[in-house]
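Enquirer: Okay, handing you the structure first.
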Amino acid sequence: MKTLAREQKLQHLYWRAGFGIPFRPDQASPGIKSAVRELLRQSGQAVPLEVALPRTETTLQADAQNAEMRLLRQRERQQGFVLLNNVWLQQMATSEAQLREKMTLFWHGHFACRLREPRFALQQHNTLREHALDKFPDLLLAISKDPGMLQFLNNQQNRKQRPNENFARELLELFTLGRGHYTEQDIKEAARAFTGWSYNPQGEFVFRARQHDRGKKTFMGKRGNFSGEEILQIVVENPRTAEFLTEKIYAFFVSDTPHPERIQSLSSYFYETGYDIPKLLEKIFTAKWFYGPDVVGSKIKSPIELLAGLQRQFDVRYSDGRSPLVLQRALGQELFRPPNVSGWAGGRNWIDSSTLAFRLRIGPALLQDAALEVNLKPDDDTEPTAPRRRRQDGIRVVRAKADLNGLQQQLQKVKDRELIDRLSQKLLQVPLRPETAALLTQHIPSGAAHADKVTLLTLRLLSLPEYQLC
């Protein structure tokens, strides 16, 4: 593969570090180092996601009411999750803080929680957003004390003489060290240290001292009267945590195929910097190998990357607020609704024979304001937190409007014979084969306006399997 031109490198960078580059007239093309510094600068300040949620009482209070009240609370929760989903997807598509949005999405899958209360989901999201580009120990402490996390992993039931091991187990297995790097006894001792960690109805962390086990504990070869905070400190002092996190960050931002030499070098640097997330990302994005043939175009876009990218590049606006959720459910990734505590598997798991065919239809349908029929399975058609029920008609219709003016203006001076090459460079991360380019340019009316030719070729490019790669 020949060396990438600057514009292609930028396309690659912005798809990996964000959700693509919006098409605007007279866009500048900075060098890679300048672009990476600008990504970090624009994402330097954390701004909370603001969502006007329906006023839902706590689960405990709602369950104490009659059936009609429970149904009302259930609908309010459903509305809350729809709002959360829409607002965050819109933020991904429009925010200049692309790297913070992308890193928040990464942590959303790493610290995967499926919560019942939208207000707890929003609070947890903003905790991840606030610390997404901090040092990892600060993020780990904040998310460990998050009410949604404590609720999801049952730590409010973790009490002296009756320890609950759920949080301690997932902390070691999924959040820090990885399976095989601790013992069952380490889990038991860590669980004792987290006894008394709870929250109040207002969603505030509470340490219940009377429920805390103050006895001596032996954890990872160390012995002491450890608190939960001290357990977290011991875990991050272990270089294996840096290696485990770097493996996941590499898979998310670089490649699904591990590269032990790169990962070892990056994890050592990550550990030496005190788990400085921005420094690790800067090292990745400025590495020569990041723009090499084994990396560029090697990843399948996740459903969220695909939808947020289309919305960002073409200003897609849906006809109703439920449409983004319908598409996410059909594609297998719904924000705030991970399949389990391990998060989404990703990689080739995003694609099968049915989802690929559907994916190829999405871009052209949304950009043409065409009715896109989505056939949801009974399980997919279940609302968040609602009891499962089968509907006779699982068909949902999605419509949207898009804006191609920016792309058309960028290419208005490009000659017809060069259009397909220029468009493929802007829309695809892999080279377009000559025979494919020849097929795409067939049957375009010679008398068509230049803008119409751009639109038609764009629709055809978006229908290619190559557009699913980044």
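Enquirer: Quick check: from the Cα gyration tensor, does the range 142-221 come out rounded (a/c under 1.5), prolate or oblate?
Expert: Cα axes put the range 142-221 in the oblate bin.
Enquirer: Another one. For the range 1-45, state which trypsin sites (Lys or Arg not before Pro) are in a DSSP loop and have at most 15 other beta carbons lying within 10 Å of their beta carbon.
Expert: Passing both the DSSP loop test and the Cβ count: K2.
Enquirer: Under the 0.36 nm per residue contour assumption, what length would be gained going from the current alpha-carbon distance of R37 and H450 to full extension?
Expert: Working it through step by step, the gained length comes to 145.0 nm.
Enquirer: How far, in degrees from 0 to 90, does helix 450-462 lean away from the longest principal axis of the Cα atoms of the chain, to the nearest 10?
Expert: Once rounded, one gets 40 degrees.
Enquirer: Hey, what angle do you get for helix 98-110 against the long axis of the chain, alpha-carbon based, 0 to 90 degrees rounded to 10?
Expert: Tilt relative to the chain: about 50 degrees.
Enquirer: Can you tell me how the range 97-247 classifies by the Cα gyration tensor, rounded, prolate or oblate, using a/c under 1.5 as the rounded cut?
Expert: Oblate is the answer for the range 97-247, as a/c is 1.5 or above yet b/c matches or exceeds a/b.
Enquirer: Another question about this same structure. Counting only protein chains, not ligands or nucleic acids, how are L141, L325 ordered by accessible area (probe 1.4 Å), most first?
Expert: The residues order as L141, L325, largest area first.
Enquirer: Shifting gears a bit: For the pair E373 and A28, how long in nm is the line joining their label points, each one 7 Å along Cα→Cβ?
Expert: About 4.9 nm separates the two model spin labels.
Enquirer: Continuing with the same structure: Under 5 Å between amide hydrogens, which residues at least 5 positions from Y199 or on another chain qualify, with H placed 1.01 Å from N in the peptide plane?
Expert: Excluding prolines and chain starts, which carry no amide H, the hits are V206.
Enquirer: Name the residues whose placed amide hydrogens come within less than 5 Å of the amide hydrogen of K217, ignoring near sequence neighbours (fewer than 5 apart) on the same chain.
Expert: For K217, whose amide H was placed from the backbone, the distant partners under 5 Å are G224, N225, F226.
Enquirer: State the extension gain, in nm to one decimal, for the chain segment bounded by E68 and R214, taking 0.36 nm per residue of separation less the distance between their alpha-carbons.
Expert: Net length gain for the segment: 48.1 nm.
Enquirer: Here is a further query. (i) 22.3; (ii) 24.0; (iii) 22.8: which one is Kirkwood radius over Cα pairs in Å as calculated from this entry?
Expert: Answer by label: (ii).
Enquirer: In degrees from 0 to 90, rounded to the nearest 10, what is the angle of the helix 416-427 Cα long axis to the longest principal axis of the chain?
Expert: Compared with the principal axis, the helix lies near 0 degrees.
Enquirer: Find how much the distance from T355 to R422 grows on full extension, using 0.36 nm per residue of separation minus their present alpha carbon separation; answer in nm with one decimal.
Expert: 21.3 nm
Enquirer: Divide by every residue of the chain the summed helix terms, -39500 (n - 2.57) for each DSSP H run of at least 4, and state the resulting mean residue ellipticity at 222 nm, rounded to the nearest 500 deg cm²/dmol.
Expert: -15000 deg cm²/dmol
Enquirer: Now for a separate question. At R0 = 22 Å, how high is the FRET efficiency between K160 and Q202 if r is their beta carbon distance? Nearest 0.05 is fine.
Expert: 0.35
Enquirer: How much of C113 can a 1.4 Å solvent probe reach, expressed as accessible area in Å² and rounded to 10?
Expert: C113 has an accessible surface of roughly 10 Å² with all protein chains in place.
Enquirer: So, one more: With every protein chain left in place and a probe of 1.4 Å, what is the accessible surface of L469, to the nearest 10 Å²?
Expert: Estimated to the nearest 10 Å², L469 gives 50 Å².
Enquirer: Mind ranking V316, V397 by accessible surface for me, highest first, 1.4 Å probe?
Expert: Largest accessible area first, the list is V397, V316.
Enquirer: Follow-up question, since we're still on this one. Using the basic label-point model (7 angstrom from Cα toward the beta carbon), what is the E96 to A46 distance in nanometres?
Expert: It works out to 2.1 nm between the two label points.
Enquirer: Checking the a/c ratio against 1.5 first, then a/b against b/c, what shape does the Cα gyration tensor give for the range 242-310?
Expert: Cα axes put the range 242-310 in the prolate bin.
Enquirer: State to the nearest 20 debye the size of the charge dipole of the chain about its Cα centre, where the only charges are +1 on K and R beta carbons and -1 on D and E beta carbons.
Expert: Taking the Cα centre of the chain as origin, the dipole is about 300 debye.
The values are calculated or read from the model by the stated rules, or taken from the named source; none is laboratory data. Just so it is clear, the structure is predicted and the values come from calculations on it, not from any experiment. We place every Cβ from the backbone using ideal geometry, glycine too, and count neighbours over all the protein chains shown. SASA here: full protein model, heavy atoms, side chains in, ligands and nucleic acids out. Shrake-Rupley method; radii C 1.70, N 1.55, O 1.52, S 1.80 Å.
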